[in-house]
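Here is the structure we will look at.
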Amino acid sequence: MFVDFRAEPMPPPPPRPEPKRPRLTPGQQRGLAAIVGFNVLLLLLAPVGGATIVGALIALIG
């Protein structure tokens, strides 16, 4: 049996295009906006609440 090692290898097959992702419906957009808004609100309020709890624990212990 003879194998021709001088021959060029076959090129790889072309990549398959990625399937298009479905777009968000208006209801999903509103829900996502509400979740993001809630997270931003917590981002601003959580440090104040955490500092209040730490201050209360220090006052309780000290």
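The values are calculated or read from the model by the stated rules, or taken from the named source; none is laboratory data. Worth saying up front: this structure is predicted, and the values here are computed from it rather than measured. Here Cβ is always computed from backbone atoms with ideal geometry, including for glycine, and neighbour counts include all displayed protein chains.
Taking the conditions exactly as written (in a loop (DSSP other than H, G, I, E, B) and hydrophobic (A, V, I, L, M, F, W, C)), does residue 36 satisfy them or not? Don't jump to the end; show me each part of the working.
On the way: in a loop (DSSP other than H, G, I, E, B): no; hydrophobic (A, V, I, L, M, F, W, C): yes.
Considered against the rule, which asks whether it is in a loop (DSSP other than H, G, I, E, B) and hydrophobic (A, V, I, L, M, F, W, C), residue 36 comes out as no.
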Does residue 6 satisfy the criteria of being assigned to a loop (DSSP other than H, G, I, E, B) and basic (Lys, Arg)? yes
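Restrict the check to the range 9-24 and report whether at least one residue is surrounded by 10 or more Cβ atoms within 10 Å (Cβ to Cβ) and under 23 Å from the mean Cα position of the chain (by Cα).
Kept after step one, since they are surrounded by 10 or more Cβ atoms within 10 Å (Cβ to Cβ), are these residues of the range 9-24: 24.
Narrowing the set further to residues that are under 23 Å from the mean Cα position of the chain (by Cα) leaves 24.
Yes, the range 9-24 contains at least one residue that is surrounded by 10 or more Cβ atoms within 10 Å (Cβ to Cβ) and under 23 Å from the mean Cα position of the chain (by Cα).
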Under 9 Å by Cβ, and 6 or more places apart or on different chains, what pairs join a residue from the range 16-38 that is at negative phi with one that is exposed (fewer than 10 other Cβ atoms within 10 Å of the Cβ) and of a type in the set (S, T, N, Q)? none
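Identify, from the list 37, 49, the residue that is surrounded by 10 or more Cβ atoms within 10 Å (Cβ to Cβ), within 28 Å of the chain's Cα centre (by Cα) and modelled with pLDDT of 85 or more.
The match here is 37.
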